[in-house]
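The values are calculated or read from the model by the stated rules, or taken from the named source; none is laboratory data. These figures come from a predicted structure and were not determined experimentally. FYI the Cβ positions are ideal-geometry reconstructions off the backbone, even for glycines, and counts take in every protein chain you see. For accessibility, only protein heavy atoms count, side chains too; no ligands or nucleic acids. Shrake-Rupley method; radii C 1.70, N 1.55, O 1.52, S 1.80 Å.
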Amino acid sequence: MAAWRTLLLPLAFGWVFSAVAVVMLAALVAPQFILRTQQRWVRSLGVVSCWLLGIKIRIENPERLAQLQGQILAFNHINMLDLIVLASLWRRGWSAIYKQEFNNIPLIGRTMQFLGLLPIDRRNRAAAVATLANAAEVIRAEHKTLLVAPEGTRSNSEQLGPFKTGPFHLASELKVPMVPMLMQGNARAMRGLLVYGGTVTIKLLAPIDTSHWHSDNVAAQLHSTRQLFLAGLGQQ
């Protein structure tokens, strides 16, 4: 498969940075309007970027996207392409935990914070715990859906990596459903910085009832949830 679409990667980056700059300038004048319309412009960032890079998104059960509210949306993290795929799916009332290093990218980190997304320092356990506490408050007080990557980092392949315990402690504290979202095709569509294009398939599994989860059985719940991911991804 030809990687000629890699030539369009700078154009996609340029589109994202230009659009974000315009949005942040508009936010200086009308911040509440930008926040109210965030679903529209965040999705446009993802949709246009996917179009430029030849990425088609197929959602197996789109009705479940509309049902997400006040839940934890756990996705397998494959590569950089995940970000524009998730942006193209973005809904009002969503938030996410992202790695703190994004704050070092001009405009991007500031925009993420403006949207209420939560940076996590993976090298500082105390800071990471504080971020999870903030995430709990966001879900509890604002009834938002929180996007998390249980692997904690991208795998750079279709193979599912080991899970971190943080999202499961969060779910056990809040007792809100956890919804596994499986992504496939990302590693074929983009390898490193080479873009091949193709179809990314999204499948949302049934919400997992966490009302019986407790801090003393987090390891068991992590294992059973990871088995659901492995089965859904055909990796068992």
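Any idea which of Val20, Met178, Leu35 is furthest toward the positive side of the dipole for the chain, if Lys and Arg beta-carbons carry +1 and Asp and Glu beta-carbons -1? Toward the positive end, the furthest listed residue is Val20. Of the accessible area of region 68-206, computed with a 1.4 Å probe over protein heavy atoms only, carbon and sulfur atoms account for 53 percent. Taking a ≥ b ≥ c as the square roots of the eigenvalues of the Cα gyration tensor, an a/c ratio of 1.5 or more together with a/b larger than b/c marks region 131-236 as prolate. Taking θ as phi - 60°, what are the ³J(HN,Hα) couplings along region 94-110 by the Karplus curve (6.51, -1.76, 1.60), each to the nearest whole Hz, with x for Gly and Pro? Once rounded to whole Hz, the list reads 9, 9, 7, 9, 10, 6, 4, 4, 5, 5, 7, 8, x, 6, 5, x, 5.
The residues of the chain present an accessible area of 50 Å² per residue when probed at 1.4 Å with all protein chains retained. Net charge dipole, region 123-205: roughly 160 debye, given to the nearest 20, about the Cα centre with Cβ charges of +1 for Lys and Arg and -1 for Asp and Glu.
Which trypsin sites (Lys or Arg not before Pro) in region 132-228 sit in a loop by DSSP (not H, G, I, E or B) and have at most 13 other Cβ atoms within 10 Å of their own Cβ?
Qualifying residues, ordered by number: Lys175.
Within the chain, DSSP assigns beta bridges of which about 30% are antiparallel (rounded to the nearest 5).
Computed about the Cα centre, the dipole magnitude for the chain is approximately 440 debye when only Lys and Arg (+1) and Asp and Glu (-1) carry charge, each at its Cβ. Mean residue ellipticity, 222 nm, helices only, the chain: the sum of -39500 (n - 2.57) across DSSP H runs of n ≥ 4, divided by residue count and rounded to 500, is -14000 deg cm²/dmol. Please identify every one of the chymotrypsin sites (Phe, Trp or Tyr not before Pro) in region 4-42 that sits in a loop by DSSP and has no more than 15 other beta carbons within 10 Å of its own beta carbon. Loop-located and lightly packed - none at all. Beyond a 23 Å Cα-Cα separation, which of these cross-linked pairs lie in this structure: Lys99/Lys144; Lys164/Lys203; Lys56/Lys144? Table pairs above 23 Å Cα-Cα are Lys56/Lys144.
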